[in-house]
Amino acid sequence: MLRLEKVNAFYGHIQALHEVSLEVAEGEIVCLIGANGAGKTTTLMSIMGVVSTPQGKILFEGEDITGRPTPSIVHKGISCVPEGRRIFPQLTVMENLDMGFYPRRDRPAEFEEDLERVFRLFPVLEERKDQLGGTLSGGQQQMLALARGLMARPKLLLLDEPSLGLAPLLVEQVMESIVEINKQGTTVLLVEQNALMALEISHRGYVLETGTITISGESGKLMADAQVRSSYLGT
Amino acid sequence: MRRIVGLVLAVALMATCSVYAADPVYIGAMGAITGGSAISGEQASQGLILAEEDINAAGGVLGRPVKIIMEDSRGLPTGGVTAARKLIFQDNVVGIIGCHQSTVVMAIEPLIRQEGVICMAKGSADMITAAGNPWIVRVREYDTLAASAKVRHALDKGYTRFAIFHNTDQFGEGGRQNLIDALARHGLEPVAVEAHNTGDKDFTAQLLNIRRADPEVLIVWTHGDEHALICRQVAQLLPDVQYYGSMAITQWSSIQMAEGTSEGAYTTSPYSYLNPDPDVQAFVKRHQERFGRPPETFTVLYYDSAMMLAEAIRRAGTTDRAKVLEELKKIKGWKGVSGIEYSFDERGEAFNELFICRIENQQPVIIEKVSVN
Amino acid sequence: MAELAIVLQQIVAGLALGSIYGLVALGYNFIFNAVGIVNLAQGDFVMLGGYIYGGTLTLLLGLPFLPALLLTAIAMAIFGIVSQRIVYYPLRDAHPRMVMLSTIALGIFLKNISLIAWGTYPVSVSGLFGQRGLRIAGVSILYQYIFILVCVIILLAIQQYFFKKTTLGKSMRAVAQDRLAAMLMGIDAYKMIAITFAYSSTLAAIGGVLLAPVFMVSQVLANVGLKGFAACVIGGWGDITGAVIGGLVVGLVEVFSASYISSVYKDAIVFAILIGFLIFRPQGILGRATEVSL
Ligand SMILES: Nc1ncnc2c1ncn2[C@@H]1O[C@H](COP(=O)(O)OP(=O)(O)OP(=O)(O)O)[C@@H](O)[C@H]1O
Ligand SMILES: [Mg+2]
């Protein structure tokens, strides 16, 4: 569904990604793990067309989307739940979800249906639908961010560290909802520092080290990999 | 025949060439071309354009053409000093016409004195000639003259309750003091005195304070833009009070901007474009054809000043400033396109007469000419 | 009785002025809400709108009010997009302070250009009502003031509806709050910002058109921008109701302080209050809005 071929990414003159290649097949949960500053966020932002990628190719459903403007990539069916959630603090929960629905605004009839779907996944959002986004707790904000991403009915959902800053119980809950979302038919590319969690729920995984993919494979195998174990699982 | 025509043409060409080949005599001028009172500068420069043409059409001075250099004072003392320095040190002018703002004149006064340059001031504050600078003469009505003429005219009409509304700049403050003095000479005090700043747009608060004092006469001492807006707001808030304005109120632009609300207002003025005097009318017609509007007060005052200065240079037979100044001060009974006869007195004042005007049918109609002796 | 009439007249004048300031404040807030910057040329936009309407369309071309208003609005919308392209877009990733500096430059440029294009004479146009007004029990109100008040209320209602109910309005707010997140929603942020500038300029144009018959059009007209700025601070940045309340407060303070404290220092008093708000209550009178960092 998504394929990166030898992608280089730059911030000004600084090269953050070196020939990153990876693939996500339809129906999968693929995780991308790595340490601080490894280039995980950069990879996602490259896919979204936010970071410039002068070399390499990004293909989505066989179509070259390298260098496309972000809105057109979103309209193709890729949504991203960014690092740090980035919900709109001065918009209400409903308005936030409305913004998530933006790529499909020409089909207002489907709004209610999608809304019900995300409220079923995250009932707390329904209770707080008129509250300003900025007044939600961290966990609720993460749910809102996920829900907002889902409102676009993406074919591929990119998640950037959804567990960041959440209490262990909440992390568990968020991971469960990711599995649920995937079961309902959305392909997921999950970026995590919490490697154990990520590998547990994903089918395959990639390890990124200072802008280069070093190890990849089925998640079960990665969990057994000695190097992964020592560097990312702390065992 | 053809040969004779050719000869005449050649001689005429040579004659003009001899005037124009010579180095020009420079006359300086300054006014606000930019800044808050930029209108006045534009008016002045139109007068100077015509004056330069007329002087050169009459053969220039001393067999040389005259070039008038107008500098922008921005209406600010600092701008005036910069302009004066440029005119004196770079252009080596015989004299400077302007500025039309008293504060600017006072700022360049020391430089004028020190360098010995003629200054034909256009500010109306009394201190300009009171400063005792021999190089400064004034070709404009001065504030005590205008203030006493207004007060006397209003008293003659039977009014006794006066309110004063003045600009806070030096022009307005001087006017306030002169009016209070003029009233005091008749044993009167104003019932209200209010002030506003240049650039103010709304005068409701002040006009309502004046309304509380219930005056019969409102004397407003300010510039053109503010005048037009004050007229409009007075028409709303003080419809029954007799309005006396500053000279600016007679200006065509100010009357247009007042949109009829200046009807019936009196003012003192050195000039009205409606003056039936043929000299005035000839100039009005020319200006109208050239610039599409009648000349304003500063247009005619700058024009007259340039013409008198050129004449003084001719009479002096030199560009030596001291000699030119001496000849200038000897001018008596010079009829200007303003309609005023200028006679310089020992203080350097050219004015000893003034018109009382009334705005009728959107035009400043001359009611009478008052002279002081 | 006479005294009562005077106080009523003061209130009327304060509200009339205040609604004008409120209108200018709306223009500020529109851009502020969308891109988080203060367009310090907003007052000059008002002036430009006034000149286009009064100097060119009314006096030069002799157009009647409505066509002149419409053409001014269109011209200013285009001008807004162009100025966004020049002043904002190249600096979109720079600190907001840089953009604000470049809006100051734009303002100076506009003042100079208008001096060349329309000259030094104030442009005086009569508008729909000229100097006519109502007179009730010693209180006189210009029809133009009533007209301004009505226009401000209508614009306010439209703006409130626009931001709260339409997808375009909501997405503009989203862009303002988090541009990257908005882009990740598929919103074309730069298109939204261009629309914002266009509409804000149109608002300024309407301000200029409404003000021209009352204050005339000259370079000094741009000073209403300062009062609008004060209205924004007092009402709270980005707060639409607050802008109008702030405008009314500034108008009333101006008239009453001129009456009872000092007519000469009325502007200084307004700005002293402005500074007081910046220090002690930067979130504004309603206390809802976010603080702007200059
Ligand atoms: N806007 C930027 N400008 C310049 N360099 C950047 C920028 N953003 C990131 N970088 C650099 O690019 C590299 C990759 O950063 P990136 O944010 O992609 O890492 P990450 O794997 O997401 O890290 P984290 O786990 O901290 O989120 C880092 O060295 C970082 O310093
Ligand atoms: Mg990251």
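Taking all pairs of different Cα atoms in the stretch B:208-354, averaging 1/r and flipping that mean, what Kirkwood radius in angstroms comes out? All intermediate terms of the calculation are to be shown ahead of the outcome.
Numbers: mean 1/r = 0.0577 Å⁻¹.
It is 17.3 Å.
Only helices enter the 222 nm calculation for chain A: every DSSP H run of n ≥ 4 contributes -39,500 (n - 2.57), and dividing by all residues gives -10500 deg cm²/dmol, rounded to 500.
Tell me, what is the percent relative contact order of the stretch C:2-280, built from C-alpha pairs under 8 Å that lie six or more residues apart?
Values: 451 pairs, mean separation 109.6, N = 279.
It rounds to 39 percent for the stretch C:2-280.
When you filter the GluC sites (Glu not before Pro) in the stretch A:1-42 for DSSP loop state and at most 15 other Cβ atoms inside 10 Å of their Cβ, you are left with A:26.
For chain C, list the DSSP H helices whose alpha carbon atoms reach 27 Å or more along the long axis and whose average Kyte-Doolittle value is 1.0 or above? Those that clear 27 Å and a mean of 1.0 are C:2-35, C:96-118, C:143-165, C:189-215, C:240-260. Buried accessible surface for the A/C pair, both sides summed and rounded to the nearest 100, is 1900 Å² with a 1.4 Å probe. Charges were assigned to the Cβ only: +1 to each Lys and Arg, -1 to each Asp and Glu. The resulting dipole of the stretch C:2-280 about its Cα centre is roughly 380 debye.
Decide, for the stretch A:100-159, between rounded, prolate and oblate: order the square roots of the alpha carbon gyration tensor eigenvalues as a ≥ b ≥ c, take rounded if a/c falls under 1.5, and otherwise choose prolate if a/b is larger than b/c, else oblate. Verdict is prolate for the stretch A:100-159. Would you compute the Debye intensity of chain C from its alpha-carbon atoms alone, equal scatterers and no solvent, and pass along log10 I(q)/I(0) at q = 0.11, 0.15 Å⁻¹ to two decimals? Values returned for q = 0.11, 0.15 Å⁻¹ are -0.63, -1.17.
Annotation: per residue accessible area for the protein assembly as shown equals 39 Å², rounded to a whole number [probe 1.4 Å, protein chains only]. Over chain B, the alpha carbon radius of gyration divided by the compact-protein estimate 2.2 N^0.38 Å works out to 1.03.
Separation of the stretch A:50-125 and the stretch C:138-188, taken as the distance between their Cα centroids, equals 26 angstrom. Estimated from the Cβ-Cβ distance and a Förster radius of 35 angstrom, the FRET efficiency linking residue C:265 and residue B:315 is about 0.10.
Quick one: Kirkwood hydrodynamic radius for the stretch C:1-121, alpha-carbon pairs, angstrom, one decimal?
Result for the stretch C:1-121, one decimal place: 16.4 Å.
Counts of other chain beta carbons within 10 angstrom of each beta carbon in peptide A:84-95 average 4.
When only alpha carbons are used to place a centre, the stretch B:122-146 and the stretch B:338-354 end up 11 Å from one another. Carbon-plus-sulfur fraction of the accessible area of the stretch C:2-280, 1.4 Å probe, in percent? Ligands and nucleic acids excluded, carbon and sulfur reach 75 percent. Per the Debye calculation on the stretch B:83-189 with a single equal scatterer at every Cα and no solvent contribution, log₁₀ I(q)/I(0) for q = 0.12, 0.18, 0.22 Å⁻¹ amounts to -0.48, -0.83, -1.07. Seen against the Cα atoms of chain B and their longest principal axis, helix B:278-291 is set at about 80 degrees.
What order do C:151, B:119 take when sorted by accessible area (1.4 Å probe), most exposed first? If you can, show how the numbers build up before the last one.
Working: C:151 25, B:119 0 Å².
Ranking C:151, B:119 by accessible area, largest first, yields C:151, B:119.
Mean sequence separation of contacting Cα pairs (under 8 Å, at least six apart), scaled by the length of chain B, corresponds to a relative contact order of 16 percent.
Take residue B:360, project a point 7 Å from its Cα along the Cβ direction, then tell me which residues of the stretch B:247-280 have their backbone nitrogen under 12 Å from it. It comes to B:264-265, nothing else.
On full extension of the chain, what length is gained from residue C:94 through residue C:115, given 0.36 nm per residue of separation minus the C-alpha to C-alpha distance?
On the way: separation 21, 0.36 × 21 = 7.56 nm, distance 3.14 nm.
Once the chain is fully extended between residue C:94 and residue C:115, it gains 4.4 nm.
Given R0 = 45 Å, the distance between the Cβ atoms of residue A:110 and residue A:52 translates into a calculated FRET efficiency of 0.85. Between residue C:4 and residue C:82, what is 0.36 nm times their sequence separation minus the Cα-Cα distance? Round to one decimal in nm. Going from the current span to full extension adds 23.1 nm. Rounded to the nearest Å, what's the spacing between the alpha carbon centres of the stretch C:194-269 and the stretch B:294-317? Just the number, please. Comparing the Cα centres of the stretch C:194-269 and the stretch B:294-317, I get a distance of 45 Å. Average projection, convex hull of the Cα set of the stretch A:60-160: 6.6 square nanometres.
For residue A:57, a cut-off of 15 angstrom between C-alpha atoms picks up these aspartates and glutamates, skipping any fewer than 8 places away in its own chain: A:5, A:19, A:23.
Extending 7 Å from Cα along the Cβ direction at residue C:150 and again at residue B:173 yields two label points whose distance is 4.6 nm. Projected onto their three principal axes, the Cα atoms of chain A cover extents of 46, 40, 31 Å, largest first.
Note on B:207-214: average number of Cβ atoms from other chains within 10 Å of each residue's Cβ is 4. Across the stretch A:112-203 the C-alpha pair distances fall into 10 Å bins from zero in the proportions 15, 53, 29, 3 percent.
Determine the gain in length on full extension of the stretch residue A:214-residue A:183; use 0.36 nm per residue of separation and subtract their C-alpha separation, reporting nm with one decimal. Walk me through the intermediate numbers first.
Details: separation 31, 0.36 × 31 = 11.16 nm, distance 2.89 nm.
Fully extending the segment from residue A:214 to residue A:183 adds 8.3 nm.
Within a 10 angstrom radius of each residue's Cβ in B:77-83, how many Cβ atoms of other chains show up on average? Whole number is fine. Each step should come with its number before you reach the end.
Values: counts 0, 0, 0, 0, 0, 0, 0.
Across the residues of B:77-83, the mean count of other-chain Cβ atoms within 10 Å is 0.
At the residue level, residue B:71 shows approximately 40 square angstrom of accessible surface with a 1.4 angstrom probe and all protein chains present.
Think of it as helices only: each DSSP H run of n ≥ 4 in chain B is worth -39500 (n - 2.57), and spread over all residues that comes to -14500 deg cm²/dmol at 222 nm. Calculated over the protein assembly as shown, the projected area of the Cα convex hull averaged across directions stands at 50.0 nm².
Rolling a 1.4 Å probe across all protein chains gives residue C:44 an accessible area of roughly 10 Å². Exposure check, 1.4 Å probe, all protein chains in place: residue B:253 carries approximately 10 Å² of accessible surface. Rounded to the nearest whole angstrom, the semi-axes of the ellipsoid equivalent to the stretch A:58-112, taken from the Cα gyration tensor as √(5λ), stand at 24, 16, 8, largest first.
The values are calculated or read from the model by the stated rules, or taken from the named source; none is laboratory data. Computed from a predicted model, the values in this text were never measured in an experiment. Counting neighbours? That spans all protein chains shown, and the Cβs are built from the backbone with ideal geometry, glycine included. When the accessible area is computed, the model is the full protein with side chains, heavy atoms only, and any ligands, DNA or RNA have been set aside. Shrake-Rupley method; radii C 1.70, N 1.55, O 1.52, S 1.80 Å.
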